[in-house]
Amino acid sequence: MTSPLILVAEDSAVLRAVLRRQLEDNGFRVAEADDGDQALRMAREIAPTVILLDIEMPRLDGRAVLKALKADSRMADTPVVFLTGRRDTDDLVAALELGAHDYLCKPFESAELLARVSAAARVKALHDELHRRAEEMHLMARLDPLTGLYNRRHLDEHLRATAVGSRRRMQPLAVLVIDVDDFKSVNDTLGHAAGDEVLCEVARRLRRIMRADDVAGRWGGEEFLALLPQTDIDGAGTVAERIRRSVADAPVRLADRDIEVTVSIGYTSGVVDDVHALVNRADAAMYDAKDQGRNRTATR
């Protein structure tokens, strides 16, 4: 595990050297800044775990640096420990009200320095872990638990957002509706576990075809939806055919047998006025592909 990185922002070279030695001797990594402007720039560049920030510094004092850090969403949660030679209670309270995590009054003992920096580093680690878990929960709420693709909730939201961009930039949005052919017979003859494996394998092959800006997800049951921004009807047809072939050209391997699986795909494209109409057109085209014999693509 990488040791915590401490940014020491202090205009005294002597004190910076003392702080560096004490911190590095106790397993911390150290970066240095000798004025407020440099401290703010370095904080944004290196994303330190904790910032030791002198209140009185040239060019930009510690209070101004702290205000700028708190206004920056990337840095707002980085603990700042003020270094001050003042012991006036009002000054210290004001520093904490600005958002400082803690403060150290000069001169300070090495044990006090390490205790306060270690406590601030633990707070940062806890916050980062909570943020990571919140992001995981947010993502899990948008994923289909079976296939790992996005779920309908996410697709609905992304579809609306992409449609806004399509209208604003007057660029086409393509929609593909992909349906697994004869899926009910798989469930009925081989069981739902086999059906689940078929859906997962189709999802894997679909994921491999998608380009960086494309979004695919499970629309419901055995049906998938793919959104292709900035893609005209010819481009949508090309992607749809690649998906169809990727499923049809190789059997799906189950625990005890291989089975042939195909998909029918409907696709359409346009500059979006009515996003639901666009999805409905692709859905209708998918049924055209079914009516034409399955294992094919169709457009409207």
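Please find, among Thr84, Thr162, the residue that is over 19 Å from the mean Cα position of the chain (by Cα) and of a type in the set (Val, Ile, Thr).
So the residue among Thr84, Thr162 that is over 19 Å from the mean Cα position of the chain (by Cα) and of a type in the set (Val, Ile, Thr) is Thr84.
Just one residue in the set Ala194, Ala212, Ala216 is in contact (Cβ under 8 Å) with a residue 60 or more places away in the chain and either surrounded by fewer than 20 Cβ atoms within 10 Å (Cβ to Cβ) or in a loop (DSSP other than H, G, I, E, B) (or both); that residue is Ala194.
Within the range 67-81, take every residue that is surrounded by fewer than 19 Cβ atoms within 10 Å (Cβ to Cβ) and more than 16 Å from His127 (Cα to Cα) and give me the one that is nearest to the chain's Cα centre (by Cα). Only one residue tops the list, namely Asp72.
Within the range 263-280, the set of residues being surrounded by fewer than 16 Cβ atoms within 10 Å (Cβ to Cβ) and of a type in the set (Val, Ile, Thr) comprises just one member, Val271.
For Ala236, the conditions (1) crowded, with 16+ Cβ neighbours inside 10 Å; (2) hydrophobic (A, V, I, L, M, F, W, C); (3) in a helix (DSSP H, G or I); (4) at pLDDT below 95 all hold with the exception of (4).
Within the range 119-172, the set of residues being modelled with pLDDT of 90 or more, touching a helix residue (DSSP H, G or I) at 6+ places or on another chain (Cβ under 9 Å) and of a type in the set (Gly, Ala, Ser) comprises Gly148 only. Can you find a residue that is surrounded by 14 or more Cβ atoms within 10 Å (Cβ to Cβ), touching a residue at least 40 places away in the same chain (Cβ under 8 Å), small (Gly, Ala, Ser) and part of a strand (DSSP E or B) anywhere in the range 156-169? No - not one qualifying residue is present in the range 156-169.
Mind listing whichever residues of the range 31-53 are touching a helix residue (DSSP H, G or I) at 6+ places or on another chain (Cβ under 9 Å) and surrounded by fewer than 19 Cβ atoms within 10 Å (Cβ to Cβ)?
Ala31, Glu32, Asp34, Asp37, Arg44
Scanning the range 69-89 for residues that are at pLDDT below 85 and closer than 19 Å to Met57 by Cα yields Gly85, Arg86, Arg87, Asp88. For the range 176-198, the set of residues classified as within 32 Å of the chain's Cα centre (by Cα) and among the hydroxyl-bearing types (Ser, Thr, Tyr) is empty. Could you say whether any residue in the range 242-256 is under 33 Å from the mean Cα position of the chain (by Cα), among the basic types (Lys, Arg) and under 13 Å from Asp179 (Cα atoms)? The answer is yes, given that some residue of the range 242-256 is under 33 Å from the mean Cα position of the chain (by Cα), among the basic types (Lys, Arg) and under 13 Å from Asp179 (Cα atoms). Contact map, the range 128-154: residues that are of a type in the set (A, V, I, L, M) paired with residues that are assigned to a loop (DSSP other than H, G, I, E, B), Cβ distance under 9 Å, separation 6+ or inter-chain. Pairs shown: Ala141/Asn151; Leu143/Leu149; Leu143/Asn151. Of all the residues in the range 181-191, those that are of a type outside the set (A, V, I, L, M, F, W, C) and in contact (Cβ under 8 Å) with a residue 24 or more places away in the chain number 2.
Would the range 122-131 turn up any residue that is under 30 Å from Ala226 (Cα atoms) and assigned to a helix (DSSP H, G or I)? There is at least one residue in the range 122-131 that is under 30 Å from Ala226 (Cα atoms) and assigned to a helix (DSSP H, G or I).
All told, Ala115 falls short of being surrounded by 16 or more Cβ atoms within 10 Å (Cβ to Cβ), farther than 12 Å from Val50 by Cβ and aliphatic (A, V, I, L, M).
The values are calculated or read from the model by the stated rules, or taken from the named source; none is laboratory data. What you are looking at is a predicted structure, and each value in this text was computed from that prediction instead of being measured. When we count neighbours, we look across all protein chains shown, and the Cβ atoms used for this are built from the backbone with ideal geometry, even at glycine.
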